[in-house]
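Scroll down for the structure; my scribbles are underneath it.
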């Protein structure tokens, strides 16, 4: 199932946050909906570029972070899942090492509307 | 720990020994070395240096699981002295902490490391100490005694093999492939009698793309590793992680949650110990069809005299360890 089929997935055009809310070279987590069934989005910023992925490791289908807002970044270009150490390239979400090798994070298109990060069109 | 940790995987290692060819490694106050037969770890306690040795093959088999599982859930005891505890973002490395006598006498030692640092060090140790021809994932009958002796070659293909995971279920479009000769998964020697035909699915009109099934026995009969679960179905936080087991579980696993075991074939003898002290609690012989809930306050080690199939059913709900540690959940699912 694509992320767009999730009951709490934000629709195209939904404003997410100001780009200044994501520190350069860092990640920010956004949640839509409540409880275990919420839709978790991961934003990553590098300069003026922003990438977004569903915050779900394809190894055990767990969030990449064990604590709210705490992400394990390597070399400011990779993220390590806090649970079982799968490492993903933030540029394209590809798993480069660990138990999810050959898989990847599910990308979510985003665009900048001025300084506002918004969900992109399909 | 900073919220945006950028710890580099710094590995401290010596040059290769002139005598054995193996490198030694330093991780915090822990020192790791190996010789022809044994892996040795030292740590400081009470102003002296403590040491502990393990057969190198047992050490490598344990370390292989610890790395492959990404420190897994809870405690991964390499044996009764040495092990790791996954703090999910950081990892505790201990010697004697969960051994009653070491701990009582103050001879234990615990250090917490950022996960990338300990992972990088463990991977470097495993790569350097695994000789050509030795596969730490294989049953002893399938890999030789190449672990013995001075360093000769390496076996990166064995220690870096891809682990099997799935999004929903193997065989679904876009999901993990089913195992077959063609993609490198021949039937294991112990399962030559397992039927390889897949289930027949006859969906009603309109439901053709909503029904899926595969032969779990066929899938498991082609597992290329032992004691290494592969995710074979994901339904919310419910994970089915079946595996094939032969000889000895290389670690004593102290889970931080209840996990369910369903013995699918043959049998496994489980030695159950108290998670904190290691004192014996029970022996359980599980035969095909038996079901057990391993409590959250024990550690267990399995013995399988013949390759067997085991279904491990995990609850991957985030935050579950805290509910058990705080006492909000009892360590067992039912009370008799």
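Read-outs throughout are calculated quantities, based only on the coordinates presented, and are distinct from any laboratory measurement. Just so you know, these numbers come straight off a predicted model, no measurement behind them. Positions of Cβ are generated from backbone atoms using ideal geometry, with glycine treated the same way; all protein chains shown enter the neighbour counts.
Annotations
- Highest-MSF residue in chain A out of A:13, A:93, A:104 [GNM, Cα springs under 10 Å]: A:13
- Shape call, region A:3-117: gyration tensor on alpha carbons, a/c limit 1.5: oblate
- Virtual spin-label span in nm between residue A:34 and residue B:334, 7 Å along Cα→Cβ: 3.3
- With contacts taken as Cα pairs under 8 Å at a separation of at least 6 residues, region B:8-79 carries a relative contact order of 16 percent.
- Region A:3-117, relative contact order [Cα under 8 Å, separation at least 6], %: 22
- Each of the peptides B:63-70, B:204-211 was scored by the mean count of other Cβ atoms within 10 Å over its residues; in descending order, highest first, they stand as B:63-70, B:204-211.
- The percentage of C-alpha pairs in region B:12-158 whose separation is greater than 29 Å is 13%.
- Whether region B:124-174 is rounded, prolate or oblate, judged on the alpha carbon gyration tensor where a/c under 1.5 counts as rounded: prolate
- Rounded if a/c under 1.5, otherwise prolate or oblate - the protein assembly as shown, Cα gyration tensor axes: oblate
- Per residue of chain B, the DSSP helices (runs of n ≥ 4 H) give a summed -39500 (n - 2.57) that works out to -4000 deg cm²/dmol at 222 nm.
- Mean-square fluctuations from a GNM of chain B, with a 10 angstrom spring cutoff on Cα atoms, peak among B:126, B:172, B:82 at B:172.
- Spin-label pair residue A:89-residue B:26: with each label point 7 Å from Cα along the Cα-Cβ axis, the two points sit 3.5 nm from one another.
- Of interest is the spacing of the C-alpha centroids, which for region A:25-50 and region B:270-322 amounts to 36 Å.
- Degrees separating the helix B:115-129 axis from the principal Cα axis of chain B, which is the longest one: 90
- The C-alpha atoms of chain B define a longest principal axis, and helix B:56-68 lies at about 60 degrees to it.
- Chain B: radius of gyration over Cα atoms, expressed as a fraction of 2.2 N^0.38 Å: 1.04
- Sequence-separation-based contact order of chain B, relative, with Cα cut under 8 Å and 6+ spacing, percent: 14
- Highest-MSF residue in chain A out of A:107, A:68, A:58 [GNM, Cα springs under 10 Å]: A:68
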